[in-house]
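**Q** The structure is given below, and queries will be raised subsequently.
The values are calculated or read from the model by the stated rules, or taken from the named source; none is laboratory data. On a predicted model such as this, the values are computed, not experimentally measured, just so you know. Positions of Cβ are generated from backbone atoms using ideal geometry, with glycine treated the same way; all protein chains shown enter the neighbour counts.
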Amino acid sequence: MRSEARREDGPRAPVWLRVLAYGGLLFLHFPILMVGLYAFNTEESAFSFPLKGLTLRWFQAAAAREDVLGAIKLSLQVALAATGVALVLGTLLAGALYRRRFFGKEALNLMVILPIALPGIITGIALLSAFRLAEVTPNFWTIAVGHATFCVVMVYNNVVARLRRMPHSLLEASADLGADGFQTFRHVALPQMATSLLAGGILAFALSFDELIVTTFTAGHEKTLPIWLLDQLGRPRDVPVTNVVALWVMLITAVPILVAWRLTQGTEDVAGSSR
Amino acid sequence: MDTLPGMALPAPARPRAGLARTVANVLYRRRTLYLLLLLTPPLLWFGVVYLGSLLSLLVQSFYTFDDFTMGVTPELTWANYQALLDAANHDIILRTLAMAGSVTVASAVLGFPVAYYMARYATGWRKGFFYIAVMLPMWASYIVKAYSWTVILSKGGIIYWMVERLGLLPALEWALALPGVGGSSLSTSNLGRFLVFTYVWLPFMILPIQAAIERVPGNLLQAAADLGARPAQSFRTVLLPLAFPGVVAGSIFTFSLTLGDYIIPQLVGPPGLFIGNMVYTMQGSIGNIPMAASFTVVPIVIIGIYLTVARRLGAFDAL
C-alpha cells in the first residue's frame, strides 16, 4: 500500500528545482495578490506599503459608478457578439478541416492562427485603416468584428481537437441506421462536440472581455472595461475605484477559465495552450 | 434488449422524407460542394475582414502623407519606408528588438525550470495545481497585470519597502545608475519595463515547454541512464534537444507579443518609443496612416522571418 503510494508520487525533484518551480509560481501570482490586497486599501491616491488600513467602502463606491457599470456592460455585449460569431465560424472551419485533405488547408490553418500570432497592434491598425477606407465610423460593431476575428481560433482549436478524437464509425453507424446528414449532426456529432463548443466559447468570451490593444484602435469613443481601466491609470484621484475594478476584472475572468479547464479535463485538450 | 427502468433510451432518429433529406443526400454525395458550403462563411469573414484589412494597410503604406495639409493622398511612394531608416526611427526599431530579445531569453530561463518540474515531477493533484496556477495568471486581464506592476514598482510601494528593509537600497541605486538598464526610479527604468514584460508573457513560454517535455518518452532518459549518462549529461544531451522546439514555440509568443506591445512601454519605463507607440501616435494624433502602416510592416517582416526559422527548428509541432 505504502509502496504503491510512493510510486504515485514519482521521483522527488531536487531541492533547487522545487525552489525554482515554486518560486516561478510565486512570481506569477505575486502581482495578482497585490491587486487583491490593494482593493481594500484605505489610502486614496498612493500605493504605499505596508497599507495604512483596510476598508470595504470602495466596493460600494465602485458599484455606484455609472461609467464602471457602462464599461462592464459594453464589454459583456461585445464579448457575447464576438463569441457568437466565433462559435459559428470556428465550428464550420473545424468541420471542414478535421478530416479532409485539400489544397490550401495549411494556408487556412495559418490564417485562423494569424490574428493571435501577430501582435495585436497589427490587427488593430489594419482594421482601423480598412474601416477608414470604407468610411465606417468606429462603433460597437467595429469592436465586435475585430474581436470575433481573433476569437475564432479558440473555438476552432477546441472543436477540431474533439472531432479528431471522435470515432468516424459513429457517423457511419448513424448513416447506416438511416439518419440523414442533418440528423446525424443533430443527434450524434453535436452531443459529442458540446463540451468542446462550450469550452471554446468560454475561452473566446474571456479573450474578448480582456482584449485591449486591438480595441484601442477599433473602439473610437466607446469604452470597454480594459479601455476604461487604461484611461483610469492617468487619474490619480480615482485610485481606490480603479483598484476595486481591477479586482473585479480578475474575478470575472478567473471563473470562466476554471470552468473551461474542467470541461476539457481528461480530453487531452490543452484549453489555453494557444491563446 | 429491454430498457432498464428509469433509463430512457434516446428515440432513434426517424428517416424523413422531404427537402431536408434531399439536401442532405446531395451534400453527402457531392463532397466538394459540402466542403465549399462549410468554408464559405469563414473564408468570406477572414478574406474580407482580416486579409482585406492587412492588404489595405500594406497598400496605404505606400500612400503619400502631406506634412502641411496633414492629408493623405493615394500617390504611391517609397518615402515612408525610407523614413524608417532615419536615425530616430532606426533607434525605435532597435530598442524594441532588444527588449523583445531580452524578454524572450529571460522567460525561457525562468520558465524552463517551472515547465520541467510540471512535466517530470508534478503528479496527481500537483499536476492540475501547477497547470491552473500557470493558466490563471496567463488569462488574467493584461491591463490589470500591467497596472498591478505600476503599483508594485512605485516609490513607497512593496519592492522599495522590501529593498529598504533588507538594506539593499544602495544596490538598487547602483543597478539603476547603470546605463541602458537604469532610470531615475524602478518604474521609470528599463529594468522595471523588462520585469513587467517578462512577467506578462512568462506563462506563454511555460506551457509550450511543458508540453514539449511531456512528449519526451521517459524510457529515453532511462536508457541514457542505463548507458551510463549522469543525470546532468542525459539532461543536456537527451532532454534539452528534444525540449528545444518547445522553447522556440514559446519564444514566438514572448517575442511577438513584446514586439507589438505599446501599453506597457507607456506605463513603465523611461521615455523613448517602441514600434507600437510609434504606430499608435502616427495614426492617432497625427493621422499619418501611411507612416503608421510602414512601421507596422517592420514587425510583420521580423515575425515572418522568425516564424520561418522557428518552423525549421520544429517549433510548429510543439505548439
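**Q** Somewhere in the range B:155-173, is a residue within 21 Å of the chain's Cα centre (by Cα), in a helix (DSSP H, G or I) and within 7 Å of chain A (Cβ to nearest Cβ)? Working first, answer last.
**A** Here is the first cut: in the range B:155-173, the residues within 21 Å of the chain's Cα centre (by Cα) are none.
No, every residue in the range B:155-173 fails to be within 21 Å of the chain's Cα centre (by Cα), in a helix (DSSP H, G or I) and within 7 Å of chain A (Cβ to nearest Cβ).
**Q** Could you please find all residues in the range A:128-144 being within 12 Å of chain B (Cβ to nearest Cβ) and surrounded by fewer than 24 Cβ atoms within 10 Å (Cβ to Cβ)?
**A** First, the residues of the range A:128-144 that are within 12 Å of chain B (Cβ to nearest Cβ): A:128-134, A:136, A:141-142, A:144.
Passing the criteria: A:ALA130, A:PHE131, A:ARG132, A:LEU133, A:ALA134, A:VAL136, A:TRP141, A:THR142, A:ALA144.
**Q** Return the residues of the range B:54-83 that are within 11 Å of B:ALA293 (Cα to Cα) and of a type in the set (A, V, I, L, M, F, W, C); say none if nothing qualifies. Don't jump to the end; show me each part of the working.
**A** Let us first name the residues in the range B:54-83 that are within 11 Å of B:ALA293 (Cα to Cα), namely B:54-63, B:80-81.
Result: B:LEU54, B:LEU55, B:LEU57, B:LEU58, B:VAL59, B:PHE62.
**Q** Within the range B:84-96, is there a residue that is within 30 Å of A:TRP248 (Cα to Cα), more than 11 Å from chain A (Cβ to nearest Cβ) and part of a helix (DSSP H, G or I)?
**A** Narrowing the range B:84-96 to residues within 30 Å of A:TRP248 (Cα to Cα): none.
There is no residue in the range B:84-96 that is within 30 Å of A:TRP248 (Cα to Cα), more than 11 Å from chain A (Cβ to nearest Cβ) and part of a helix (DSSP H, G or I).
**Q** Out of everything in the range B:223-232 that is assigned to a helix (DSSP H, G or I) and more than 32 Å from the chain's Cα centre (by Cα), what residue ends up being modelled with the lowest pLDDT?
**A** Step one: of the range B:223-232, the residues assigned to a helix (DSSP H, G or I) are B:223-226, B:231-232.
Keeping just the survivors that are more than 32 Å from the chain's Cα centre (by Cα) gives B:223-226, B:231.
Numbers: B:ALA223: 90, B:ALA224: 89, B:ALA225: 87, B:ASP226: 90, B:PRO231: 83.
That would be B:PRO231.
**Q** Against the definition (modelled with pLDDT under 90 and either in contact with a helix residue (DSSP H, G or I) (Cβ under 8 Å, 6 or more places away or on another chain) or not in a helix (DSSP H, G or I) (or both)), how does B:LEU51 come out, yes or no? Break it down stepwise before answering.
**A** On the way: modelled with pLDDT under 90: no; either in contact with a helix residue (DSSP H, G or I) (Cβ under 8 Å, 6 or more places away or on another chain) or not in a helix (DSSP H, G or I) (or both): yes.
Considered against the rule, which asks whether it is modelled with pLDDT under 90 and either in contact with a helix residue (DSSP H, G or I) (Cβ under 8 Å, 6 or more places away or on another chain) or not in a helix (DSSP H, G or I) (or both), B:LEU51 comes out as no.
**Q** Follow-up question, since we're still on this one. Please enumerate the residues belonging to the range A:53-80 that are free of Cβ contacts under 8 Å to residues at least 24 places away in the same chain and either in contact with a strand residue (DSSP E or B) (Cβ under 6 Å, 6 or more places away or on another chain) or closer than 17 Å to A:LEU225 by Cα (or both).
**A** A:ALA63, A:ALA64, A:GLU66, A:LEU69, A:LYS73
**Q** For A:TRP16, work out the one condition from (1) in a helix (DSSP H, G or I); (2) surrounded by 13 or more Cβ atoms within 10 Å (Cβ to Cβ) it doesn't fulfil.
**A** All conditions are met except number (2).
Every residue, every condition in (1) under 19 Å from A:ALA246 (Cβ atoms); (2) surrounded by fewer than 17 Cβ atoms within 10 Å (Cβ to Cβ); (3) among the aliphatic types (A, V, I, L, M), yes or no:
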{"site": "A:LYS73", "(1), (2), (3)": "yes, yes, no"}
{"site": "A:LEU80", "(1), (2), (3)": "no, yes, yes"}
{"site": "A:ALA86", "(1), (2), (3)": "no, no, yes"}
{"site": "A:LEU89", "(1), (2), (3)": "no, no, yes"}
{"site": "A:ALA94", "(1), (2), (3)": "no, no, yes"}
{"site": "A:ARG99", "(1), (2), (3)": "no, yes, no"}
{"site": "A:GLU106", "(1), (2), (3)": "no, yes, no"}
{"site": "A:ASN109", "(1), (2), (3)": "no, yes, no"}
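**Q** Go through (1) within 8 Å of another protein chain (Cβ to nearest Cβ); (2) within 30 Å of B:SER294 (Cβ to Cβ); (3) touching a Phe, Trp or Tyr at 6+ places or on another chain (Cβ under 9 Å) for B:TYR142 and report which single condition fails.
**A** Unmet for B:TYR142, out of (1) within 8 Å of another protein chain (Cβ to nearest Cβ); (2) within 30 Å of B:SER294 (Cβ to Cβ); (3) touching a Phe, Trp or Tyr at 6+ places or on another chain (Cβ under 9 Å): (3).
A quick yes/no check of all residues on (1) more than 7 Å from chain A (Cβ to nearest Cβ); (2) loosely packed, with under 11 Cβ neighbours inside 10 Å; (3) at pLDDT below 60:
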site: B:ASP2; (1), (2), (3): yes, yes, yes
site: B:MET7; (1), (2), (3): yes, yes, yes
site: B:ARG14; (1), (2), (3): yes, yes, no
site: B:THR22; (1), (2), (3): yes, no, no
site: B:ARG30; (1), (2), (3): yes, no, no
site: B:TYR34; (1), (2), (3): yes, no, no
site: B:LEU39; (1), (2), (3): no, no, no
site: B:PRO42; (1), (2), (3): no, no, no
site: B:PHE46; (1), (2), (3): no, no, no
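**Q** While we're on this one: How about the range A:154-173: which of its residues are surrounded by 21 or more Cβ atoms within 10 Å (Cβ to Cβ), within 12 Å of chain B (Cβ to nearest Cβ) and not β-branched (Val, Ile, Thr)?
**A** The answer is A:MET154, A:TYR156, A:ASN157.
**Q** Counting only residues that are within 23 Å of B:PHE204 (Cβ to Cβ) and at pLDDT 85 or above, give me the helices (runs of 4 or more DSSP H) lying completely in the range A:77-183 with at least 2 of them.
**A** A:105-117, A:120-133, A:140-165
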